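Structure record follows, encoded as structure tokens.
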Amino acid sequence: MASLVPCPNCGRRPKEEFTIKGAALSRPGADADSENWFDYVYLRDNPRGAYEEYWHHTSGCRRWLVVMRDTLTHEVAACRDATDGSRSERRK
Amino acid sequence: MSEFRPTLRPALGSKQPVASATFGLSTLPEGTIIHVLARPGEQDVAHLLASLNGSDPHALRPVSPDQWFIVRDAAMPNQEMKGLFAALEPRASGVDQSHGRVRIRIEGKMAQRALSKGTALDLDSSAFPVGQSAVTLIGHIAAHITRVSSDAFEIIVLRGFAESLWDDLTRMGLEFS
Ligand SMILES: [Zn+2]
């Protein structure tokens with residue numbers, strides 16, 4: 001697991017300051033069918049390699065971040081505030 | 001009616017300050033702490049805050065994007081606080097945290113060394129100069145740290161954690177006391 005996370009608001013901080021929510025996925029529309037919602041809520045790819053996740057900087061700026069990390073090498077490729085890039089853009 | 005009456009007493013009232021040549025720990029007055037949160041999209045709220053604060057000695061401490069603490073040693077009269085909150089609207093909102101958070105001062109040549117035992121924050125003055133603030137963990141306790149001079153820091157911590165943090169800080173400074 002990535003042990004130093006480059007928070008865009010706070011700088012490099014240890015993982016102990018963060019809470020991980022899980023994969024950063026595009027949320028289906030409210031009227032999407034149950035298969036789409038089942039997929040979104042329960043099914044994960046668990047890739048070996050690049051992975052995008054929501055992390056909350058709980059003991060820092062308390063902002064939601066999107067961390068792009070490699071599940072194999074533990075390297076963090078990018079970290080941005082979740083509000084950068086509008087939510088509607090991320091919606092399918 | 002119950003005979004029990006809660007009494008308001010300082011959170012760290014029973015603690016003895018630490019004062020050695022290289023390490024000092026002391027409590028700061030439980031005066032005023034106001035948490036200010038800007039509405040999303042508002043620009044330059046820091047300027048607004050600076051203009052509203054009047055002449056009483058105070059400090060404006062950044063907390064996180066669009067959030068600040070207004071800190072004063074003295075208690076702010078209710079009317080004045082109401083006026084301040086009204087003046088912030090609609091661009092920002094204020095919340096009185098004066099009884100919810102406690103301030104601790106840690107100072108001395110070895111203060112930085114002692115504090116570094118508990119936090120991963122880079123406290124070197126090149127990365128964390130005078131006037132800089134940050135929220136971070138000290139051990140397992142979330143705290144807001146400000147460098148107030150080259151050898152002194154002010155820590156703001158939730159009241160319920162203040163005693164525990166004080167004891168940790170005392171222990172971190174033992175070898176310098
Ligand atoms: Zn942060």
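Going by what's in this entry, would A:LEU43 be described as within 14 Å of chain B (Cβ to nearest Cβ) and of a type in the set (A, V, I, L, M)?
Values: within 14 Å of chain B (Cβ to nearest Cβ): no; of a type in the set (A, V, I, L, M): yes.
No.
For residues in segment A:57-69 being open to solvent by less than 40 Å² (accessible area, probe 1.4 Å) and away from every other protein chain (no Cβ under 12 Å), which is nearest to A:SER26 (Cα to Cα)? Break it down into steps so the answer makes sense when it comes.
Of all residues in segment A:57-69, those open to solvent by less than 40 Å² (accessible area, probe 1.4 Å) come to A:57, A:59-61, A:65-67, A:69.
Then drop every residue that is not away from every other protein chain (no Cβ under 12 Å), which leaves A:66-67, A:69.
Numbers: A:VAL66: 12, A:VAL67: 15, A:ARG69: 18 Å.
Top of the filtered list is A:VAL66.
For a quick check of your reading of the model, give me the residue pairs whose first member lies in segment B:4-33 and is touching a residue at least 60 places away in the same chain (Cβ under 8 Å), whose second is open to solvent by 100 Å² or more (accessible area, probe 1.4 Å), with beta-carbon atoms closer than 7 Å and at least 6 apart or on different chains.
Short answer, once both residue conditions are applied: B:THR22/B:LYS109.
Sort through B:ILE155, B:ILE145 and tell me the only one that's more than 16 Å from the ligand (Cβ to nearest atom), touching a residue at least 24 places away in the same chain (Cβ under 8 Å) and under 11 Å from the mean Cα position of the chain (by Cα).
Working: B:ILE145 fails: more than 16 Å from the ligand (Cβ to nearest atom).
Step by step, each of B:ILE155, B:ILE145 is checked, and only B:ILE155 is more than 16 Å from the ligand (Cβ to nearest atom), touching a residue at least 24 places away in the same chain (Cβ under 8 Å) and under 11 Å from the mean Cα position of the chain (by Cα).
Would you check which residues across segment A:39-53 are charged (D, E, K, R) and within 11 Å of A:ASP70 (Cα to Cα) and list them?
The first filter runs over segment A:39-53 and keeps only residues charged (D, E, K, R), leaving A:39, A:44-45, A:48, A:52-53.
Listed by number, the residues that qualify are A:ARG48, A:GLU52, A:GLU53.
Please determine, by comparing only the residues of segment B:15-53 that are more than 30 Å from A:THR83 (Cα to Cα) and small (Gly, Ala, Ser), which one is surrounded by the fewest Cβ atoms within 10 Å (Cβ to Cβ).
Among those residues, the one meeting the criterion is B:ALA21.
Does at least one position in segment A:78-92 carry a residue that is at pLDDT below 95, within 16 Å of the ligand (Cβ to nearest atom), assigned to a loop (DSSP other than H, G, I, E, B) and open to solvent by 60 Å² or more (accessible area, probe 1.4 Å)?
yes
Among the residues of segment B:113-131, which ones are closer than 23 Å to B:ILE70 by Cα and more than 13 Å from chain A (Cβ to nearest Cβ)? Walk me through how you get there before you give the answer.
Let us first name the residues in segment B:113-131 that are closer than 23 Å to B:ILE70 by Cα, namely B:121, B:123, B:128-131.
Matches in segment B:113-131: B:PRO129, B:VAL130, B:GLY131.
Residues are listed down the side, and each one gets a yes or a no for (1) more than 14 Å from the chain's Cα centre (by Cα); (2) open to solvent by less than 60 Å² (accessible area, probe 1.4 Å); (3) within 16 Å of the ligand (Cβ to nearest atom):
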{"site": "B:ILE70", "(1), (2), (3)": "no, yes, no"}
{"site": "B:MET76", "(1), (2), (3)": "yes, yes, no"}
{"site": "B:PHE85", "(1), (2), (3)": "yes, yes, no"}
{"site": "B:ARG91", "(1), (2), (3)": "yes, no, no"}
{"site": "B:HIS99", "(1), (2), (3)": "no, no, no"}
{"site": "B:LYS109", "(1), (2), (3)": "yes, no, no"}
{"site": "B:VAL135", "(1), (2), (3)": "no, yes, yes"}
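What number of residues within segment A:45-54 are under 30 Å from B:PRO65 (Cβ atoms) and away from the ligand (no atom under 14 Å from the Cβ)? Spell out the reasoning first.
The initial filter retains those residues of segment A:45-54 that are under 30 Å from B:PRO65 (Cβ atoms), namely A:50-54.
Then drop every residue that is not away from the ligand (no atom under 14 Å from the Cβ), which leaves A:50-53.
Of the residues in that region, 4 qualify.
Regarding segment A:12-35, can at least one residue be identified that is within 16 Å of the ligand (Cβ to nearest atom), among the β-branched types (Val, Ile, Thr) and either within 14 Å of chain B (Cβ to nearest Cβ) or open to solvent by 20 Å² or more (accessible area, probe 1.4 Å) (or both)? Quick ask: steps written out before the conclusion?
Of segment A:12-35, the ones within 16 Å of the ligand (Cβ to nearest atom) are A:12-21.
Subsequent filtering for residues that are among the β-branched types (Val, Ile, Thr) retains A:19-20.
Still in the running and either within 14 Å of chain B (Cβ to nearest Cβ) or open to solvent by 20 Å² or more (accessible area, probe 1.4 Å) (or both): A:19-20.
Checked against the condition, which is being within 16 Å of the ligand (Cβ to nearest atom), among the β-branched types (Val, Ile, Thr) and either within 14 Å of chain B (Cβ to nearest Cβ) or open to solvent by 20 Å² or more (accessible area, probe 1.4 Å) (or both), segment A:12-35 yields at least one hit.
The values are calculated or read from the model by the stated rules, or taken from the named source; none is laboratory data. Given the structure is predicted, the values throughout are model-derived calculations rather than measurements. Reconstructed Cβ throughout: ideal geometry from the backbone, glycine too, with neighbour counts over all protein chains shown. Side chains included, ligands, DNA and RNA excluded: accessible areas come from the protein's heavy atoms. Shrake-Rupley method; radii C 1.70, N 1.55, O 1.52, S 1.80 Å.
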